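The values are calculated or read from the model by the stated rules, or taken from the named source; none is laboratory data. From a predicted model like this one, the values you see are computed outputs, not experimental measurements. Because the Cβ atoms are built from the backbone with ideal geometry, glycine has one as well, and the counts that use them run over all protein chains shown. Each accessible area value is taken on the protein alone, full model and side chains, heavy atoms only, with ligands, DNA and RNA left out. Shrake-Rupley method; radii C 1.70, N 1.55, O 1.52, S 1.80 Å.
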Amino acid sequence: MKIPNNIIDIFSPFWTLHSWGYYWRPLVKLIYNLLLLVNGFHPFLFHLVALLLYSVVPGLVALSANKIGFDRRTAILSGLIFAILPSHELHAAWLSDMVENLSAIFILLTSIAIIKLLKERVENLKDYFFVVIIFLLALLSKEIAFALLILPLLILLTIRPIENSTTKKAFIITFTMILTFSIYMVYRIVIIGSNPFGAHHFHDSNFLSMIKNFLLYIPVSFVSPDWLEFLFLKFSFFQLIIGGIFLTIAVILLLIKIYPNIQNRDKPILLFSFGWYLIFIIPVLPTFMRWYAFVASIGLIWIISFFIIKMADRFFSKKYFYSIGTIILILLFYSNITTSLNWIEAGQKMERAILNIHQNKDYISSDTIVVWGMPDKFKRVSLMKLGAQQAFDYALIDKRIELISPIKSEIILSNSQIGLIVTSDSSFTLELEGGRFLQEGGKSRKVIIEEELNYSDDEFDLKVMNKVDESVYPYSKCEVVISKKMQNYFHLYFDGEDFRRIKLE
């Protein structure tokens, strides 16, 4: 990204292909351009806008629930649950997830507009026009909005009795949305040159992996994948299957207990909520990304909120219900505050590191930089997991460099440090106290285990040993032997705070 110079630069994402390639999301890029114009690359305004966008979504979740037909208590509870879920850490703190927030806002607004149009007896041409405009804004925010094409017919499930005029309106809305989507796709593929079907998500997918992703998306709709890592580490696959079966049976028995008390008018609404989850989760099943469940999870939250209210009315007194609810809210609030502090600390650490690169840019003369121990995550917060090349380009001020990072580091503790021992002109050792080393493209871990990694290619040999000693203090050692060709590159390593030069003897 660069700071726009004029109004043409600001709105250029609508007619140009930006760096995301098959991800053409001009509305989000427009917001980035406006923020860059107003405040440059200072992160405060970006974070403020991202947080404001996220804060709007729970309110729309509650409003949508009420428009669909849920009572006010269920609607308010669904918005509250959505707001404090631990799984939404990225959406509140990660700037790139402004995409998810913005698309969720317009998807929910589109659904509210469609519900209003279908349920009201008086119709107006401007109501159809408004649906089309909001739907188009959703598409320009993120591709997943195309699932809204099914929504008008899905909403018919919630309307009793269904009149011919209502069905007619649903088909008119669907037709106009399909026409809008077709024009959008032609413009995007032919004019912009961005084909969403060229995304890697559609490559190498199979039925079994899609089933696995479907099952994984349910828990990550509510908790961070880090929480699931404990389960996979502590229990075998067979034990998890047995536990899942028993949990499913318990849920079914509970639903059987509650089902007779569900009024007939509520059953279509619950079916609609599950349908919402399906239409937004099925398109992303070819691949697993934790943030892909953001919009789809709204349907599950509506269902859960409904049954919580029903159980509270049937099994608990208001005193116990509000007491338990308050305790859960406090625990989640504490967890979210702790996580947010980790994000702040990670941001400060990365800011210092980038400043260090900027201050020493004159010493970096090579066109190729090799970074050993590139910080992948700090306290489970992404530091340079993505965008390392862009961060160095920014710090070096337009110096064109190629960035290589054969080995990365995962920092566990605030005081974690990486030590360097140079053993010859072609070999050195890195020692990390309070973390682990992982190969480029390797998976990070919440739970550290003892492991060894050996890797060789034409340029270097790596030997990594990750261990946990008796005090459960993670320690990692990485032995590196580089080729003569690679010795001519500029070598850096991350010491836990800053990037330092490796001077080979």
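Here are some notes:
- The set of residues in the stretch 207-239 that are over 24 Å from residue 89 (Cβ atoms) and at pLDDT below 75 comprises 235, 236, 237, 238, 239.
- Residue in the stretch 298-311 that is within 18 Å of the chain's Cα centre (by Cα) and open to solvent by 10 Å² or more (accessible area, probe 1.4 Å) present: yes
- Cβ pairs under 6 Å, 6+ apart, first in the stretch 299-319 and of a type in the set (S, T, N, Q), second open to solvent by less than 20 Å² (accessible area, probe 1.4 Å) and part of a helix (DSSP H, G or I): 305/74; 305/78
- Scanning the stretch 108-121 for residues that are over 22 Å from residue 56 (Cα atoms) and open to solvent by 10 Å² or more (accessible area, probe 1.4 Å) yields 119, 120, 121.
- When the stretch 407-416 is limited to residues that are surrounded by 15 or more Cβ atoms within 10 Å (Cβ to Cβ) and out of contact with any Cys (no Cβ under 9 Å at 6 or more places or on another chain), the one that is nearest to residue 338 (Cα to Cα) turns out to be 412.
- Test: residue in the stretch 425-433 that is free of Cβ contacts under 8 Å to residues at least 40 places away in the same chain, outside any strand (DSSP E or B) and of a type in the set (D, E, K, R): no
- Entry remark, the stretch 359-382: residues being in contact with a His (Cβ under 6 Å, 6 or more places away or on another chain) and surrounded by fewer than 19 Cβ atoms within 10 Å (Cβ to Cβ) number 0 in total.
- You will find that of 37, 27, the residue that is touching a residue at least 24 places away in the same chain (Cβ under 8 Å), in a helix (DSSP H, G or I) and open to solvent by 80 Å² or more (accessible area, probe 1.4 Å) is 37 and no other.
- Entirely in the stretch 122-202, the helices (runs of 4 or more DSSP H) that have 1 or more residues that are within 20 Å of residue 68 (Cα to Cα) and open to solvent by 80 Å² or more (accessible area, probe 1.4 Å): 125-141, 164-186
- The residue list 101, 66 contains one member that is open to solvent by 20 Å² or more (accessible area, probe 1.4 Å) and assigned to a helix (DSSP H, G or I), which is 66.
- Residue-level check: of (1) assigned to a loop (DSSP other than H, G, I, E, B); (2) within 25 Å of residue 352 (Cβ to Cβ); (3) in contact with a Leu (Cβ under 8 Å, 6 or more places away or on another chain), residue 475 misses just (1).
- Cβ pairs under 8 Å, 6+ apart, first in the stretch 368-394 and at pLDDT 85 or above and of a type outside the set (A, V, I, L, M, F, W, C), second open to solvent by less than 10 Å² (accessible area, probe 1.4 Å) and part of a loop (DSSP other than H, G, I, E, B): 375/384; 376/384
- Those residues of the stretch 350-407 which are of a type in the set (Val, Ile, Thr) and either part of a helix (DSSP H, G or I) or under 27 Å from the mean Cα position of the chain (by Cα) (or both), in sequence order: 354, 357, 371, 381, 404, 407
- Residues being basic (Lys, Arg) and surrounded by fewer than 19 Cβ atoms within 10 Å (Cβ to Cβ) - total across the stretch 342-353: 1
- Every residue from the stretch 69-79 that is touching a residue at least 60 places away in the same chain (Cβ under 8 Å) and open to solvent by 20 Å² or more (accessible area, probe 1.4 Å): 69, 71, 73, 77
- So residue 429, is it hydroxyl-bearing (Ser, Thr, Tyr), out of contact with any Leu (no Cβ under 7 Å at 6 or more places or on another chain) and surrounded by 14 or more Cβ atoms within 10 Å (Cβ to Cβ): yes
- Every condition in (1) open to solvent by 50 Å² or more (accessible area, probe 1.4 Å); (2) within 24 Å of residue 416 (Cβ to Cβ); (3) touching a residue at least 40 places away in the same chain (Cβ under 8 Å) is met by residue 356 except one, and the failing one is (1).
Residues checked against (1) exposed (fewer than 15 other Cβ atoms within 10 Å of the Cβ); (2) among the polar types (S, T, N, Q):
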{"residue": "397", "(1), (2)": "yes, no"}
{"residue": "405", "(1), (2)": "no, yes"}
{"residue": "418", "(1), (2)": "no, no"}
{"residue": "436", "(1), (2)": "no, no"}
{"residue": "455", "(1), (2)": "yes, no"}
{"residue": "464", "(1), (2)": "no, no"}
{"residue": "469", "(1), (2)": "yes, no"}
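- Looking only at residues of the stretch 471-483 that are farther than 17 Å from residue 412 by Cα and open to solvent by less than 40 Å² (accessible area, probe 1.4 Å), we find that the one that is modelled with the lowest pLDDT is 483.
- Residues being at pLDDT below 80 and among the acidic types (Asp, Glu) - total across the stretch 333-367: 2
- Residue within the stretch 315-331 that is among the polar types (S, T, N, Q), outside any loop (DSSP other than H, G, I, E, B) and closer than 30 Å to residue 154 by Cα present: no
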